[in-house]
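Engineer: Right, I'll just put the structure down here and ask away after.
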Amino acid sequence: MKDGRPGVMRADAAVVGAGPAGIAAATELAEAGRRVVLLDESETPGGQIWRHRAGAIPAAAQPWIRRLRRSGAMLVGGATAVDLREAHGGDRLEVVAERGIVPTLVQADALLLAGGARERFLPFPGWTLPGVIGVGGAQALLKGGLQVSGKRAVIAGSGPLLLPVAASLARAGARVQLVAEQASRASVMRFARGLWRTPGTLVQAARYRAEFRRAPYVMDTWITAARGDGRVQEVTVTDGTTERVIACDLLCAAYGLVPNMRLARLMECETSLAGVVVDDRQRTSHARIWAAGETTGIGGVEKSLVEGRIAAAAMLGRAPDRSLLRRRAAAIAMAALMDRAFALRDELRHLATPETIVCRCEDVRLGALRPEWSTRQAKLYTRLGMGACQGRVCGAALTFLRDWPIDATRVPSSPALLSTLLAEPGKPDGVRR
Amino acid sequence: MTTGSHADAIVIGAGIVGAACARELARAGMRVSVLDASFAGGGTTAAGMGHLVAMDDSPVQLSLTAESVRLWRELRPALDAAVEYDACGTIWVAENAEQMEVVAAKAQTYRAQGVACEVLTPARLAALEPHLCHGLSGGLLVTGDAVIYPPRAALALLDDARAHGTTVHERCDVLEILPNGVRTADAVLGAKVVVNAAGALGAALTPELPIIPRKGHLAITDRAPSFCRHQLVELGYLTSAHDMAGESVAFNVQPRTTGQVLIGSSRELAGWEPGVNRRVLRRMLERAVRFMPALARLVVVRTWTGFRPATPDKLPLIGRWDPVAGLWIAAGHEGLGITTSLGTARLLADLVLGREPLIDPVPFTPTRVLANGAMRSRGAVA
Amino acid sequence: MTQPMNDEHVTIVVDDRECVVRAGTTVAAALLELDVRAFRRSVSGEARAPLCGMGICYECRVEIDGVAGRRACLVMVEAGQLLRTASRDGA
């Protein structure tokens, strides 16, 4: 769409999110002969876990991406969905997406939401310093070409994701100083023992660990502060008893994943804190909308692939393969185990001081929130959560720290040019610029 | 069920009008208790633009708004930075020669009321606001108008009331107004003076009040500092505000101290449906872009709706409500609640305390609705 | 600073300075490699740089080819791109 011509597309199915769930669903829908439009914010498909640089598709993704490209599904990259609405008298759904400054409208009979998950960032002193990034964020930036050779890196957070990320950083030449898992040793060991049925996962974990073997991997440990002049230069870690200061150039700190649900909520689909609520065929509470993958609940790539395929079958009016249902159940069970094993400890709720910024978009410090205010009140009085990220970062944090009011999601579901909001099929470029 | 009588005055509603009333009564030495079903400034106050504006839809309205804007100016030094008082002024924008005649008449009217203003030629208008479209006929600059951030303004007024001994009970629903008192879920509270300042919900407690919700949409952009420097309103806004029926939009754009641009305005009768109506939003945004084409390139971060408490004669209800002992009304401010909160509070306190009233109180007399058939409370307004 | 242009590098303009960066990278990665500290300034003036790397946090916003507020982590570098960051005044 670089020539500036806006797009209006008609499809049988629109899929928002080209991670494993979206890719699997779009592929199978298109292979069944449906017109499919698959949208993603990135230029290339893959989502987070299958993110890749040109010519370096991860092995697990290759068969699917090959099939996708042959399936006839139309890939629309660099597209941020900003609105979702009924169209054509309720017969269709219309996705309004923005590609750079150009609107793209997709009208479809059915919609699959596969917008994935984001990381949960928890505020602590110094977390806004340049050089503090996420854990999945580190992976994403590395695949985007981030150079870390020679950089001292500390990785902190929770869950198995710490291992492949530390390994990727080491492979890319970073000097990993420490990998800090906040969960207790007992909890992590219990979880690891529970993986005896899938020894491959333990082997893989050991392989990752070997790649950063020179660095300690500690449990019961978390970051309490980052410091530096204009960028992160050192961090303090603690195990609740002893504090240590570690010099570093890069701090990767994030605590688990939360599902992205704004588009679902825009259409008033039922959601819970755990994800978009779907029936066993992946259909949401809206008759024309299905959801699959991390957006229905954090569960990893297997769950995403399987749910994408179940949704595709449902959208085709077919019964899904029974093995898919079994695999989904197993993935969900595993996710629940992981959730329990890596539950966030209470100390993480108390890292922020009154000076710590809790809303990065509006620079609201914790001390600006009067204790007697409800969170909804605090939002209104301080603009907490009313900035560009629309509460995605601070909302996930505050859900854990205290509470976060679930308010109606309104257009735009992501910040959008005013001209995009004026785009419509009869006037697809909205307003002449 | 407890019975209490610790207050001289109970104010129902901690929106900007209730907060202002509590402050005036508290400063006059009354023990005031404020009750709000949710939290201070959480209702219509939260949705509003925060435009402090002298508005001349009628001489009475001009009197109340002009006095109120003056009171805000006087209060300004006492307001903390979070209230974001910005003396940016208003420019009323004229599209054609006919509207410039309206501008000339408006200027005269304003000046007679002591409201400073300057008629703008097209060149001067363009110099002041370069992003306005070409072809406009000029405008009227009202320098004394300003912009504030309503939720913090309500909080500031309430904090001032607290400093004068007022108690505030949030998340406290008033179920019924009684003679010289109110009933909540847990108690019956008595007071010499009860003020219904419940805004758009005022009619739920005093059913004869012809206050209906008049829905409006707003959109706010990401930061675009210096995009516009004044609140910009088309003259057609007055027509939009004036017509009680149907759906209308008007160009109304505001610079916030954050650098964000707030875009309004729309009016429709849609009951209490809070959802953003795409069609109305589109009409509103299209109108805005017509006057300021460069708005199309700004990024919209949020949209929302609010319910203005509207009355059939477009004037608020301020004063005693005779049918119920001890009851006073301070409600029905439509789109001028933020501006006229201070004038309303001063006038109400004048009446309660028997002081010389700030302005002629007669047009605001709440019981006018009982005498005048056209003002009777109805489900829908013709 | 001139280097031989080949398939693996592109020239972009960052805050009015010509820079050579590797092709196939995101604007965010390229700017970080160029040691740009402040992609944007926060409301209270803090220097901000990428956090989430995946288009969620909006911390990496820079002006790309005249359009402000573009998330650098989502956009690939292209030859001749004009970038403006909050570091432009030596911040």
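Each reported figure results from applying straightforward, stated rules to the coordinates on display, with no laboratory input. Just so it is clear, the structure is predicted and the values come from calculations on it, not from any experiment. Glycine gets a Cβ as well: all are built from the backbone with ideal geometry, and neighbour counts include every protein chain shown.
Engineer: In whole percent, what relative contact order does chain A give with Cα contacts below 8 Å and a gap of six or more residues?
Structural biologist: Averaging sequence separation for qualifying contacts and normalising by length gives 18 percent for chain A.
Engineer: Moving to a separate point now. Relative contact order for segment C:10-84: what is it in percent, counting Cα pairs under 8 Å that are at least 6 residues apart?
Structural biologist: 40 percent
Engineer: Taking the inverse of the average 1/r across all pairs of different Cα atoms in segment A:169-239, what Kirkwood radius in Å do you get?
Structural biologist: Final number for the Kirkwood radius of segment A:169-239 is 14.0 Å.
Engineer: May I pose another question? Tell me which residues come under 5 Å, amide H to amide H, from A:LEU84 once H is placed; ignore anything under 5 positions away on its chain.
Structural biologist: Result for A:LEU84 returns A:VAL96.
Engineer: So how strong a dipole does the protein assembly as shown carry about its Cα centre when Lys and Arg Cβ are +1 and Asp and Glu Cβ are -1, to the nearest 20 debye?
Structural biologist: 2680 debye
Engineer: In chain B, how does Rg compare with the Kirkwood Rh, expressed as the Rg/Rh ratio over alpha carbon atoms?
Structural biologist: 0.97
Engineer: Show log10 I(q)/I(0) for the protein assembly as shown at q = 0.04, 0.06 Å⁻¹, two decimals, from a solvent-free Debye sum over equal Cα scatterers.
Structural biologist: -0.20, -0.46
Engineer: Pulled fully out, how much extra length does the chain show between B:ASP360 and B:ARG183, if you take 0.36 nm times their separation in residues and subtract their Cα-Cα distance?
Structural biologist: Gain in length upon complete extension: 60.5 nm.
Engineer: Given Cβ point charges of +1 (Lys, Arg) and -1 (Asp, Glu) and nothing else, what value in debye, to the nearest 20, does the dipole of segment A:134-254 about its Cα centre take?
Structural biologist: 480 debye
Engineer: Sticking with this structure for a sec: Please find the FRET efficiency linking B:GLU74 to A:GLU86, where r is the Cβ-Cβ separation and R0 is fixed at 51 Å, and quote it to the nearest 0.05.
Structural biologist: It comes out at approximately 0.50.
Engineer: Using the count of nearby Cβ atoms within 10 Å as a rough guide to exposure, how do C:ARG41, A:ARG328, A:ARG67 rank from fewest to most?
Structural biologist: C:ARG41, A:ARG67, A:ARG328
Engineer: Sort by residue number and name the cysteines in chain A that have no neighbouring cysteine Cβ under 4.7 Å.
Structural biologist: A:CYS248, A:CYS252, A:CYS269, A:CYS361, A:CYS389
Engineer: Show the residues, 5+ positions off or on another chain, whose built amide H is closer than 5 Å to the amide H of A:LEU112.
Structural biologist: Sorted by chain and number, the residues that satisfy this are A:ALA14, A:VAL15, A:VAL16, A:TRP290.
Engineer: Please tell me which of these pairs span more than 24 angstrom C-alpha to C-alpha: A:LYS379/B:LYS192; B:LYS106/B:LYS314; A:LYS379/B:LYS215?
Structural biologist: Violating the 24 Å limit, Cα to Cα: A:LYS379/B:LYS192.
Engineer: While we're on this one: Please compute P(r) over all alpha-carbon pairs of segment B:199-322, binned at 10 Å starting from zero, and give each bin as a whole-number percent.
Structural biologist: Going from the shortest bin to the longest, the percentages are 13, 40, 30, 14, 3, 0.
Engineer: Return a whole-number percent for the relative contact order of chain B, with Cα pairs under 8 Å and 6 or more residues apart as the contact set.
Structural biologist: 23 percent.
Engineer: Note down the Stokes-Einstein diffusion coefficient of segment C:10-84 in µm²/s, whole number, using a Kirkwood radius over alpha carbon pairs, 4 °C, and 1.567 mPa s.
Structural biologist: This corresponds to a translational diffusion coefficient of 107 µm²/s.
Engineer: Working from the pairwise distances between different alpha carbons, so that the mean of 1/r is found and then inverted, what is segment A:134-254's Kirkwood radius in Å?
Structural biologist: Radius from the Kirkwood sum: 14.6 Å.
Engineer: Mind checking the alpha-carbon convex hull of segment A:22-67 and giving the volume per residue in Å³?
Structural biologist: Each residue corresponds to 74 Å³ of Cα convex hull volume.
Engineer: For A:ASP321, enumerate residues with amide H under 5 Å from its amide H, sequence gap 5+ or separate chain, H modeled in the peptide plane.
Structural biologist: Long-range HN contacts for A:ASP321: none found.
Engineer: Follow-up. Calculate how large, on average over all directions, the projected area of the Cα convex hull of segment A:346-401 is; give the answer in nm² to one decimal.
Structural biologist: 3.5 nm²
Engineer: Binning at 20 angstrom from zero up to the longest distance, how are the C-alpha pair distances of chain A distributed in percent?
Structural biologist: 25, 57, 18, 0
Engineer: Can you compute 3J(HN,Hα) from phi for each residue in segment A:347-358, using the Karplus curve 6.51 cos²θ - 1.76 cosθ + 1.60 with θ = phi - 60°, rounded to whole Hz and x for Gly and Pro?
Structural biologist: Values per residue, Gly and Pro as x: 4, 5, 7, 10, 7, 6, 9, x, 7, 6, 6, 9 Hz.
Engineer: From the backbone phi of segment B:264-275, what are the Karplus-calculated ³J(HN,Hα) couplings (6.51 cos²θ - 1.76 cosθ + 1.60, θ = phi - 60°) in whole Hz, Gly and Pro given as x?
Structural biologist: x, 9, 9, 9, 7, 9, 9, x, 10, 5, x, x
Engineer: Quick one: B:MET30, A:MET219, fewest Cβ neighbours within 10 Å first, how do they rank?
Structural biologist: A:MET219, B:MET30
Engineer: May I pose another question? Per the Cauchy relation, a quarter of the hull surface: what is the mean projected area of the convex hull of the alpha carbons in segment A:274-433, in nm²?
Structural biologist: 13.3 nm²
Engineer: Hydropathy at least 1.0 by Kyte-Doolittle, axial extent at least 18 angstrom from the Cα trace: which helices of chain B, defined as entire DSSP H runs, fit?
Structural biologist: In chain B, the long hydrophobic H runs are B:337-353.
Engineer: Treat the count of other C-beta atoms within 10 Å as a stand-in for reagent exposure and order C:VAL13, C:VAL77 from fewest to most.
Structural biologist: C:VAL13, C:VAL77
Engineer: Show that you can apply the helix-only estimate: for chain A, add -39,500 (n - 2.57) for every DSSP H stretch of four or more residues, divide by all residues, and state [θ] at 222 nm to the nearest 500.
Structural biologist: For chain A, the value works out to -8500 deg cm²/dmol.
Engineer: Compute the FRET efficiency between A:ALA172 and B:THR367 as 1/(1 + (r/R0)^6), taking r as their Cβ-Cβ distance and R0 = 56 Å, and round to the nearest 0.05.
Structural biologist: 0.10
Engineer: Ordered by residue, what ³J(HN,Hα) values in Hz, to whole numbers, does segment A:125-140 give under the Karplus form 6.51 cos²θ - 1.76 cosθ + 1.60, where θ = phi - 60° and Gly and Pro are x?
Structural biologist: After applying 6.51 cos²θ - 1.76 cosθ + 1.60, I find x, x, 6, 8, 5, x, x, 9, 10, x, 8, x, x, 4, 4, 5 Hz.
Engineer: Let me check I have the definition right: for segment A:1-99, take the eigenvalues of the Cα gyration tensor, multiply each by 5, take square roots. What are those semi-axes in whole Å, largest first?
Structural biologist: Ellipsoid semi-axes (Å, largest first): 23, 16, 11.
Engineer: May I ask you to compute the full-extension gain from B:ALA112 to B:ALA325, defined as 0.36 nm times their residue separation minus their alpha-carbon distance, rounded to one decimal in nm?
Structural biologist: 72.8 nm
Engineer: Follow-up question, since we're still on this one. Suppose only helical runs count, i.e. DSSP H with n ≥ 4. What mean residue ellipticity at 222 nm does that imply for chain B under -39500 (n - 2.57) per run, divided by all residues and rounded to the nearest 500 deg cm²/dmol?
Structural biologist: -9000 deg cm²/dmol
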